[in-house]
Every structure is written in C-alpha cells, then in structure tokens.
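K.L.:
Next up is a structure, given as structure tokens.
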C-alpha cells in the first residue's frame, strides 16, 4: 500500500509527493593494532565523495578519499537546500579491512568480520544521531548493539574445519534480514539545510581485543525529498 | 483474501488495477568476473539479447533466455503495452564456471553457491542505481540494501576428513519475507526507459575469486517485484 501521508511527533503532517524511499549512507573506518582497536570518535555523514573517509589512527594505509561506495551524501554534515529526509530506521553493514590476527583457532579473511569482533564493537561503541547546528541533545543515543544489521551476507558453513584445528568465524549484528533494523516508532524529520550527522565513539577508550580493522557503512533508512528539476 | 482494487501513488494519482498481476516479477541478469570492471546494466536488453558481462574472458556474449530475463521489446525500456508498480528490488547471485581455487585459505563451495568471501566483496564494492525515464535516479544504494529474499538454507553433514570446510553466502535473507519493501512504490509507465546500473566505483570487485576458467563469473539476477500490467491478448 502506498504511503502518502506521514504524521510527525509534533503533529506536522508531511504529504509525500516528490519523496522517494532513498536511503542515505556513509562509511567510517576503525583501525586496530596488536589486537586492540583504536579509541574511536568519528562522524559519519560528515563528508561527500572526494573528501576523506573518517578513520582512526591505525587504519592501514591511512585515510583514503571517499567514492560512490562510501557515501551518497551531496552535502557534508547535513542536507542540501533542495533535500529533506524522514528517517525511519538506522542500520549498517560491516566489512573487515584485515584478517584476524590473535584469536586462533578462528579464521576470518577480510572482508569477513569475526563474530568475536562484532561482539567487541557491540560492547564498546556508542552511536549518537545529532540533528541541528550546535545541538548537544542527540535525537538518538544508544550502544551499537541496540541497532540491528539488516544489510549483509547470510552465510552457511559446512561442518568441516577450514584448516587443521581452524574454524571459520563470521559475525553479523543479528540475523541478516531487511526487517532486522531498529525502526523508530516516531520518525525523525531532517529539514533542508539542517545539520545532521552521526557520531560513533568508544567512550571507554580503546576497544579491547579488536584484532581486525573495520569498515562500517551506516544507513539512514527513510524517505528523501529529491530535487525537482 | 483481500483484493486490491486501487493504488494511490505518492503524487496522488490513483491507479485501478485491471489486467494486473502480482505473480510475475520483471527480472534481468548480468554477469561479473574478476579484473577491470565497466558499468553493467540490468534491463538494458530484452529476451534474446546479449547478457551484459557474459563476453568477458570468452570473447562472445551469451544470448539471453527466459532464465535471464522476461523483458520484451527492445530493452532498456518497458514495452508500450505494459506498466509496472515496483514495491521491491531483489538481487540474487550464482557462481558459474568452475568451483575455483582455495580462496584466502578457505575452500570454495560447490557450484553454483557463492562463497561468503565473494558475496561480501560484491556487497562491499557494488552500488546499484535504479533509473526510470533516464532522467533521475529513483534509488541508489550498495548491493546488500536489496536482499535477494531467495536462495538456499543448506544443511551439511560432517566432512569425512574434517578439513574440507567451506562457507556459502547469500545476498541477505533467504526468506521471502526478508525483502526490502519500498516505503513509496515506484511507477513505470509503458514506453519509459528503465535500467538498473551496477556501478563499481573502484573499477573492479577487489579480490573477486572465480578460478581460472574463462567462464568463471558471478551471475546476478535482479527482480523488480510488484504489480505488473501485461499485454492484453
């Protein structure tokens, strides 16, 4: 059934006309060294293609320039004057940049992220959605574990070891399914030209045990008002 | 069972399904191999046309059959006597050619399964763009945003020698209910241009492993799922 009206928490009614189900996505990278993940304080949705992908200190090769895989934002840190966004849900997908190093007998060649490392990220990362300039009150703040992973690979393993005494390990943030994302009962409206970004941090400092470098691609799922030609 | 008699579009137009069906999705196939990659387009050809990407390594493209596409006409557009309301886009994957070599220390699964490594590489590096009327993008997102909602949930017994383990992947859930439904459906009028671009911004699918067989590749079949108005005989 087509949705043609959305009622916002403050009672405003938005009539969907030039609106499309068009997710926004943005990538960040978390490095690790010697089996410890970097202390993290990064901002997703804070850059456009051609700018540097937000990365922590120990990402191999340093920072790199973003391309169309990393983001589809057209304005850094917010929405353009001819856009608006109704955010219904947040989700992500995760890729390893390096193989695991210190947790035998488990093997995970990149881009596979071990189940253990996903669990470590869930333990230590905090996610905050900030909407509005100089805004200190997040629209959403939760541990990483609260947000389900709906995009990714469903995998099935045979029961044989992949090497002598070596088991394969892959983890995802919950069951991979389009429904596995934390839907907001009250959608968040981001106006044209409004500042909006997502802060991903590790308040505890370094991420103990993280032995893979990680690329996290965040999605804002929702309706986007597209430019009218 | 409820009968849908009217569908209201985001711009307020009301469509009255007449000779419409929801039982036949529109689908189209492309094939990807390792090495340099140029943008491939699903729905850019009609039944009997060349399958994009099928000529790489073999020199000559493969003619499409009904397993590849059910798009009729000249391709890259919906025939004049059809209409489509798209509620979901789904992409499924198969490995074809040979089983390939041991990949980064992990055994490859038997054909036509896709290894979890290859599936993650495709999800990492491919971005899909749905274009209608060739003017604007109607959606743009990485591959994993459009889960297959098809596939196999396999069960394996224990390997005999204990070291032949392998891991298969699937683009998202294998469950029919696991597809990502558009909150706002997309309407394609008869005669309108229609393609799905498969972009690889890096210029390749990095480390994609399809063995040494020139036919080795990943076949991606895209479904546009929704209501479809078919020609009236």
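K.L.:
Within segment A:34-49, track down each residue that is at pLDDT 95 or above and in a loop (DSSP other than H, G, I, E, B).
P.N.:
Once the filter is applied, which keeps residues that are at pLDDT 95 or above and in a loop (DSSP other than H, G, I, E, B), segment A:34-49 yields A:38, A:39, A:40, A:45, A:46, A:47, A:48, A:49.
K.L.:
Among the candidates A:130, A:147, A:90, single out the residue that is crowded, with 18+ Cβ neighbours inside 10 Å, more than 14 Å from chain B (Cβ to nearest Cβ), within 14 Å of residue A:190 (Cβ to Cβ) and touching a strand residue (DSSP E or B) at 6+ places or on another chain (Cβ under 7 Å).
P.N.:
Numbers: A:147 fails: within 14 Å of residue A:190 (Cβ to Cβ); A:90 fails: more than 14 Å from chain B (Cβ to nearest Cβ).
One residue alone meets the criteria, A:130.
K.L.:
What's the number of the only condition in (1) within 11 Å of chain B (Cβ to nearest Cβ); (2) not in a loop (DSSP other than H, G, I, E, B) that residue A:178 fails to meet?
P.N.:
Just one mismatch for residue A:178, condition (2).
K.L.:
Within the set of pairs 6+ apart or on separate chains, which have a first residue in segment B:149-169 that is within 7 Å of chain A (Cβ to nearest Cβ) and at pLDDT below 75, a second that is surrounded by fewer than 13 Cβ atoms within 10 Å (Cβ to Cβ) and in a loop (DSSP other than H, G, I, E, B), and C-beta atoms under 7 Å apart?
P.N.:
Pairs that qualify, where the first residue is within 7 Å of chain A (Cβ to nearest Cβ) and at pLDDT below 75 and the partner is surrounded by fewer than 13 Cβ atoms within 10 Å (Cβ to Cβ) and in a loop (DSSP other than H, G, I, E, B), are B:163/A:164.
K.L.:
Working only within segment B:40-54, note down all residues that are crowded, with 24+ Cβ neighbours inside 10 Å and not in a loop (DSSP other than H, G, I, E, B).
P.N.:
If the condition is that a residue be crowded, with 24+ Cβ neighbours inside 10 Å and not in a loop (DSSP other than H, G, I, E, B), then B:42 is the only one that fits.
K.L.:
Being under 19 Å from residue B:173 (Cα atoms) and assigned to a loop (DSSP other than H, G, I, E, B) is the filter; apply it to segment B:108-124 and report the residue that is farthest from the other protein chains (Cβ to nearest Cβ). Don't jump to the end; show me each part of the working.
P.N.:
Of segment B:108-124, the ones under 19 Å from residue B:173 (Cα atoms) are B:109, B:112-124.
Next, from what is left, pick out any that are assigned to a loop (DSSP other than H, G, I, E, B): B:109, B:112-113.
Details: B:109: 8, B:112: 14, B:113: 9 Å.
Per the stated criteria, the residue is B:112.
K.L.:
Please work out which one of (1) buried (at least 23 other Cβ atoms within 10 Å of the Cβ); (2) within 14 Å of chain B (Cβ to nearest Cβ); (3) under 23 Å from residue B:119 (Cα atoms) is the condition residue A:73 fails and give its number.
P.N.:
So the condition that residue A:73 fails would be (3).
K.L.:
Looking only at segment B:76-107, how many residues end up being in contact with a strand residue (DSSP E or B) (Cβ under 8 Å, 6 or more places away or on another chain), modelled with pLDDT under 90, over 30 Å from residue A:28 (Cα atoms) and within 14 Å of chain A (Cβ to nearest Cβ)?
P.N.:
Number satisfying all stated conditions: 1.
K.L.:
Here are some conditions: (1) assigned to a loop (DSSP other than H, G, I, E, B); (2) modelled with pLDDT of 90 or more. Residue A:145 meets all but one. Which one does it not meet?
P.N.:
Going through the list (1) assigned to a loop (DSSP other than H, G, I, E, B); (2) modelled with pLDDT of 90 or more, residue A:145 breaks only (1).
K.L.:
Give the residue, chosen from A:27, A:56, that is within 11 Å of another protein chain (Cβ to nearest Cβ) and at pLDDT 95 or above. Before the answer, list the steps.
P.N.:
Values: A:56 fails: within 11 Å of another protein chain (Cβ to nearest Cβ).
Answer to the selection: A:27.
K.L.:
Would you be able to say whether some residue in segment B:131-139 is closer than 20 Å to residue B:219 by Cα and out of contact with any helix residue (DSSP H, G or I) (no Cβ under 9 Å at 6 or more places or on another chain)?
P.N.:
Taking segment B:131-139 as the starting set, the residues that turn out to be closer than 20 Å to residue B:219 by Cα are none.
Checking segment B:131-139: not a single residue is closer than 20 Å to residue B:219 by Cα and out of contact with any helix residue (DSSP H, G or I) (no Cβ under 9 Å at 6 or more places or on another chain).
K.L.:
I'd like to know if segment B:176-191 contains one or more residues that are surrounded by 22 or more Cβ atoms within 10 Å (Cβ to Cβ) and away from chain A (no Cβ under 14 Å).
P.N.:
Taking every residue of segment B:176-191 in turn, none turns out to be surrounded by 22 or more Cβ atoms within 10 Å (Cβ to Cβ) and away from chain A (no Cβ under 14 Å).
K.L.:
What number of residues in segment B:125-148 are more than 7 Å from chain A (Cβ to nearest Cβ) and either modelled with pLDDT of 90 or more or surrounded by 23 or more Cβ atoms within 10 Å (Cβ to Cβ) (or both)?
P.N.:
Selection size over segment B:125-148: 9.
The values are calculated or read from the model by the stated rules, or taken from the named source; none is laboratory data. The structure displayed is predicted, hence computed values, not measured ones. Note that we place each Cβ from the backbone using ideal geometry, even for glycine, and neighbour counts take in every protein chain shown.
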